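Report on the structure given below.
The values are calculated or read from the model by the stated rules, or taken from the named source; none is laboratory data. Values in this document were obtained by computation on a predicted structure and should not be read as measured data. Here the Cβ positions follow ideal geometry from the backbone for every residue, glycine too, while neighbour counts run over all protein chains shown. Note: areas computed on protein heavy atoms with side chains; ligands, DNA, RNA excluded. Shrake-Rupley method; radii C 1.70, N 1.55, O 1.52, S 1.80 Å.
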Amino acid sequence: MKLEKLQALTNEYLESIGFVWHTDEDETSYIANEVVQITPEEAEAYYEACNELYDMFCEAGDYVVENNLFHEINIPFNLVDVIKESWENDVHWHLYSRFDLAGGIDEKPIKLIEFNADTPTSLFETAIIQWALLKANHLDEASQFNNVYEALKDNFKRIITLDTDIDKFEEHYQNLGWKILFSSIASSAEDENTTKLLQHIATEAGFNTDFEYIDKVEFSDDGIFAKEQSFEFWFKLIPWEDIAIDESELALLLTEIIENRKAIIFNPAYTLMFQSKGFMKILWDLYPNHPLLLETSFEPLEGKKQVEKRCFGREGANTKIINEDGTIDEETKGDYEGHKPIYQEYVELPKDSEGNSYQAGVFFAYEACGLGFRKGSKILDNMSKFVGHIIK
């Protein structure tokens, strides 16, 4: 693989645009001062692969709902009704998500690792930071597979038109005063500033927007309220499974709000199906040996090197790489032991000359729209680095 060293962005600049999580706990920079060189053909392959994968997820979503397979993929029981309602009613539009992929560079085939469909991280990095890195180094910032910002702006408009034709928004809907409330937890600067980036994009798209921390938002049978206003739309950067497990009363209220057509929530509840790593087992059942998929099972794979991970694990926690003979190659601890395990065929990630692994992440907002990379060890964790890219 080809890497190009660049002059790093200063912390002062990053903080001036709201990017304050630039330094890891070990005092090293989270943003790598390099970019991965990819070809136009590789960029097109990522685009086509993720569009195809999303279509497969939608087909598999129908299968899960029709066959009531929520328990199999570890969905909390108190979200089943709201998932069904959001799936069956077209007003619940999927705003954005991120596919994590092995391969795509270094002549390695693209393989789906998982789909961050509900609350994907690295949005700010992908949409803004890697663009700024090229610009600061006097490179062509357009030489990327990266139109995340514009794709999100267009997708906000589709929330109203429920149509691929975004021109209808300007013609018929723009001045109707639609309001979106954006919320995150108060204790995370990363979550807050990512949420406010999305708020800014929605404002540019033509919405009336406001922000409030989740603990100050009020919920009732009549809808969602903050600052003495009701909101037709609510964006929350809070995982659906956390709401189900930690806030069961809120899960019930949100179900009633959606069923009674009092508000629409982004990302929709059905994205929790896609978020579950157990969904990869459903995909493998429906599309066995598909070239974009890795064999996945709820039982250990016999005679294969594989990865054991939890359906709703995050940041590489509670993950094991298991060798063909059953010995443990590498293992991480974490807080997700209570979730159901899945077993996925192991795939080697592309590596640089120092042995660092690179995993591609492709954002999806109506279509695949932006590429970035994470660099780290065999199991990528919260100490992995964000690496931008350039098309050459």
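Can you tell me how many residues within the range 213-222 are in contact with a helix residue (DSSP H, G or I) (Cβ under 9 Å, 6 or more places away or on another chain) and either modelled with pLDDT under 95 or surrounded by fewer than 16 Cβ atoms within 10 Å (Cβ to Cβ) (or both)?
Looking only at that region, the number is 4.
Pairs needed: first member in the range 316-329, under 15 Å from Q344 (Cβ atoms); second member anywhere, open to solvent by less than 20 Å² (accessible area, probe 1.4 Å) and in a loop (DSSP other than H, G, I, E, B); C-beta distance under 7 Å; at least 6 residues apart or different chains.
G316/I379; G316/L380; T319/G313; T319/I379; I321/I379
With the condition kept exactly as written, say whether any residue in the range 256-265 is small (G, A, S) and not in a helix (DSSP H, G or I).
Within the range 256-265, one or more residues are small (G, A, S) and not in a helix (DSSP H, G or I).
Quick one: in the range 18-27, which of the residues that are open to solvent by less than 60 Å² (accessible area, probe 1.4 Å) and in contact (Cβ under 8 Å) with a residue 40 or more places away in the chain is farthest from N382 (Cα to Cα)?
Only one residue fits best here, namely G18.
Name the one entry in E299, E308, E315, E324 that is under 15 Å from I73 (Cα atoms) and either assigned to a loop (DSSP other than H, G, I, E, B) or assigned by the TED database to the domain that holds A49 (or both).
Details: E308 fails: either assigned to a loop (DSSP other than H, G, I, E, B) or assigned by the TED database to the domain that holds A49 (or both); E315 fails: under 15 Å from I73 (Cα atoms); E324 fails: under 15 Å from I73 (Cα atoms).
E299 is the lone residue from the list that is under 15 Å from I73 (Cα atoms) and either assigned to a loop (DSSP other than H, G, I, E, B) or assigned by the TED database to the domain that holds A49 (or both).
Just to be sure I understand, how many residues within the range 303-324 are among the charged types (D, E, K, R), modelled with pLDDT under 95 and at negative phi?
Total satisfying the criteria: 1.
Listed here are the residues, each with its yes/no results for (1) among the aromatic types (F, W, Y); (2) over 21 Å from the mean Cα position of the chain (by Cα); (3) open to solvent by 10 Å² or more (accessible area, probe 1.4 Å).
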residue	(1), (2), (3)
E345	no, yes, yes
E348	no, yes, yes
D352	no, yes, yes
A360	no, no, no
A365	no, no, no
G370	no, no, no
K375	no, no, yes
M383	no, no, yes
F386	yes, no, no
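To keep it simple, each residue is scored yes or no on (1) in contact with a Leu (Cβ under 6 Å, 6 or more places away or on another chain); (2) assigned by the TED database to the domain that holds K196; (3) surrounded by fewer than 14 Cβ atoms within 10 Å (Cβ to Cβ).
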| position | (1), (2), (3) |
| --- | --- |
| S29 | no, yes, no |
| A32 | no, yes, no |
| P40 | no, yes, yes |
| A60 | yes, yes, no |
| N68 | no, yes, yes |
| N74 | no, yes, no |
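For the range 283-309, which residues satisfy the criterion of being crowded, with 22+ Cβ neighbours inside 10 Å and either within 18 Å of L69 (Cβ to Cβ) or touching a Pro at 6+ places or on another chain (Cβ under 6 Å) (or both)?
Filtering the range 283-309 down to residues crowded, with 22+ Cβ neighbours inside 10 Å leaves 283, 296, 306-307, 309.
The answer is L283, T296.
What number of residues within the range 223-242 satisfy the criterion of being outside any loop (DSSP other than H, G, I, E, B), touching a residue at least 60 places away in the same chain (Cβ under 8 Å) and either of a type in the set (A, V, I, L, M, F, W, C) or surrounded by fewer than 20 Cβ atoms within 10 Å (Cβ to Cβ) (or both)?
Within the range 223-242, the first condition is being outside any loop (DSSP other than H, G, I, E, B), and the residues that meet it are 223-226, 229-231, 233-236, 240-242.
Going one step further and asking which of them are touching a residue at least 60 places away in the same chain (Cβ under 8 Å), we end up with 233, 235, 240-241.
Those still in the list that are either of a type in the set (A, V, I, L, M, F, W, C) or surrounded by fewer than 20 Cβ atoms within 10 Å (Cβ to Cβ) (or both) too: 233, 235, 240.
Here the count works out to 3.
Given L152, L181, which one is aliphatic (A, V, I, L, M), modelled with pLDDT of 95 or more and part of a helix (DSSP H, G or I)?
None of the others qualify; the one that does is L152.
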